[in-house]
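Visitor: First, the structure itself, so that you have it in front of you.
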Amino acid sequence: MRVFVVDDHDLFRVGIRHGLPPDMEVVGEASEVNPAIELIKDRQPDVVLLDVHLPGGGGRQVIEGVHKSQPEVKFLALSASDAPEDVVAVVRAGARGYVTKTVSPGELEDAIRRVAEGDAVFSPRLAGFVLDAFSSIPTNQIDSELDLLSEREREVLQHIARGYTYREIGEQLFISVKTVESHVSAVLRKLQLSNRNELTRWAVERKLI
Amino acid sequence: MALLSLLAVTRGTVERPRPVWLLVAAATLWGVLTVLTQLRQRPDEPWWVTIGDAALASVALFAHEWAGTDDLIYGGYPAITVAVAAVTERRRGWLLATALAVTTLVRLQVADFAAVLSGLSQVISYFMVAGIVGWAAHVIYAADQERREAEAGRARAEERSQVAAHLHDSVLQTLALIQREPHDGDRVTMLARSQERELREWLYGPSDGPQPGLAEAVKKMAAEVDEMYRVPIEAVVVGDAPVNETTAALLAAGREAVVNAAKHTGGGASVYLEATSELVRLFVRDRGSGFSVDQVPEDRHGIRQSIRARIERVGGSARVDSIPGQGTEVRLEVPL
């Protein structure tokens with residue numbers, strides 16, 4: 001598996017390079033927005049580990065820059081912060097998931113594989129944020145299924161927020177892991193596409209955007 | 001233009017007043033519409049405005065023939081365009097206004113020289129008025145912008161000095177402490193983690209002061225246990241609720257559960273709070289080895305009783321689920 005790392009901390013990039021298992025090859029590194037976009041387009045990795053706080057505009061510029069010509073490249077956002085505003089911006093720009101830098105190597109590897117397979121990676125914090133955001137929309141203003149989480153999706157997110165792994169969620173809800181993954185992906189898509197005024201207003205109230 | 005038309009009609013020199021009124025109404029509406037939209041300061045004038053302007057102006061030029069009057073009611077229209085152009089500073093607007101004024105004059109040549117002179121002086125005075133109006137509007141707008149920017153600059157400077165003060169106080173102190181005892185790994189980790197949490201809270205927390213409420217209290221509780229026992233406790237909160245007797249009991253029971261998890265598993269715990277206006281639920285999940293109900297270690301059982309008692313006393317319910325090998329989850333629920 002080909003992995004690309006974009007982060008402005010040298011030491012962190014070195015750490016990643018040595019922390020990944022042998023079947024994941026780091027095919028390139030970058031520490032700034034424009035070089036990152038160019039190199040990613042050139043090397044065509046499967047997954048890009050992207051620090052959301054890059055000098056010169058941040059992670060979302062990289063995502064937007066690459067996706068213009070290569071929308072199939074998958075981004076996993078990494079950040080030292082677990083703050084909702086970073087999460088919102090990057091996920092809506094197209095990242096398939098978000099993990100904090102304090103995550104263990106095993107969890108990072110797992111997250112990379114998940115993203116490579118096309119699934120979404122949700123941290124408990126992100127799950128909580130999504131539940132909060134979508135629950136603030138009054139029911140009489142919902143006119144598209146994008147604005148609403150299904151009962152199942154809500155259940156899955158709640159379990160993620162409670163600290164369950166996908167396998168455990170599957171056992172709890174008597175569904176397969178694949179089903180859990182597809183629910184999570186559906187939620188990610190809703191988060192990316194929902195432009196509901198309420199969702200935006202909720203975010204503005206909390207000074208997230 | 002409206003005034004002139006009014007004068008002309010009342011003087012009775014207009015044979016067919018209706019087209020005049022129509023034209024005045026149309027021009028007024030158009031003027032209002034364009035000024036309103038242009039006030040939003042778009043960089044270039046949309047093409048429909050230019051075409052609309054030109055169309056209305058052309059009609060105005062011939063209006064006096066339809067209405068059967070010789071009065072120069074059509075001199076007013078270019079003036080309006082000039083005024084709009086002055087306020088919004090669009091080059092196209094100026095060009096159009098000038099073209100219209102020139103065309104008006106050319107039209108007048110068909111009449112007589114005196115008319116041309118009076119028309120010319122009218123047009124010049126219109127331009128002057130428009131120029132003054134435009135300049136005044138611009139000055140007022142610029143002054144307002146400046147005031148706004150000054151205010152924003154002041155707010156930014158104040159915030160920056162607050163950041164500096166905070167950084168100096170806590171972060172630098174923590175770094176100094178760490179340097180003093182670099183070999184005590186545990187202590188270093190604890191100091192680093194507590195400072196990280198605090199800084200993150202401060203940077204990304206609500207900027208208009210802390211919201212007193214259950215959500216904050218739960219996060220604080222998780223942070224405290226995290227520091228005390230040196231295990232990672234992650235808190236996720238959805239919604240909020242006031243801190244009253246009921247929720248305080250929930251918080252206390254929750255703390256017991258979290259401390260219990262920290263003491264017995266060493267792997268940390270996940271705390272999840274879900275609050276609506278009717279119900280508050282708290283989940284504490286750990287990844288210990290779990291236990292089956294029959295072989296519950298003594299004090300975990302004791303803890304369960306204490307937690308349950310606290311919760312049931314305020315009308316809530318408590319539940320403990322445990323799967324050997326997968327950990328334990330405590331679910332607390334209280335009505336509001």
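Throughout, read-outs are computed from the coordinates displayed, never taken from laboratory work. All values derive from a computational prediction rather than experimental measurement. Backbone-built Cβ (ideal geometry, glycine too); neighbour counts: all protein chains shown.
Visitor: Using DSSP to call loops (not H, G, I, E or B), can you name the GluC sites (Glu not before Pro) in the range B:215-290 whose Cβ has at most 13 other Cβ atoms within 10 angstrom?
Guide: Answer in residue order: B:E278.
Visitor: Hey, got the average number of other protein chain Cβ atoms within 10 angstrom for residues in B:233-242?
Guide: Per residue, the number of nearby Cβ atoms from other chains is 5 on average.
Visitor: List the residues whose amide H sits under 5 Å from the amide H of B:A269, counting only those 5 or more places along or on another chain, with H placed 1.01 Å from N in the peptide plane.
Guide: B:I233, B:E234
Visitor: For the range A:164-176, what does the Karplus curve 6.51 cos²θ - 1.76 cosθ + 1.60, with θ = phi - 60°, yield as ³J(HN,Hα) per residue in whole Hz, taken in order and with x for Gly and Pro?
Guide: These are the phi-based 3J(HN,Hα) values: 7, 7, 4, 5, 5, 4, x, 5, 5, 9, 6, 10, 7 Hz.
Visitor: Rank-order B:257-264, A:123-130, A:166-173, B:323-330 by packing density, defined as the average count of other C-beta atoms within 10 Å over each peptide's residues, highest first.
Guide: Ranked from most to least packed, the peptides come out as A:123-130, B:257-264, B:323-330, A:166-173.
Visitor: Grab the Cα-Cα distance for A:D10 and A:A80, subtract it from 0.36 nm times how many residues apart they are, and report the gain in nm with one decimal.
Guide: This chain segment gains 23.8 nm when fully extended.
Visitor: If each of A:E155 and A:Q70 carries a label point 7 Å out from its Cα toward its Cβ, how far apart are those two points in nm?
Guide: 4.0
Visitor: Kindly write out, for the range B:320-325 in residue order, the coupling ³J(HN,Hα) from the Karplus curve 6.51 cos²θ - 1.76 cosθ + 1.60 (θ = phi - 60°), rounded to whole Hz, with x marking Gly and Pro.
Guide: 10, 10, 9, 10, x, x
Visitor: Hey, another quick one. With only Lys, Arg, Asp and Glu charged, each at its Cβ (+1 for the first two, -1 for the last two), find how big the charge dipole of the range A:1-94 is about the Cα centre; round to the nearest 20 debye.
Guide: 240
Visitor: Can you grab the distance from the C-alpha centre of the range B:142-194 to the C-alpha centre of the range A:111-128, Å, no decimals?
Guide: Here the answer is 32 Å between Cα centres.
Visitor: Could you sort out which of A:K74/A:K178; A:K178/B:K263; A:K74/A:K101; A:K41/A:K101 sit more than 28 Å apart by Cα distance in this structure?
Guide: A:K178/B:K263
Visitor: Could you check the spin-label model distance between B:E149 and A:V177? Points 7 Å from the Cα along Cα→Cβ, value in nm.
Guide: 5.8
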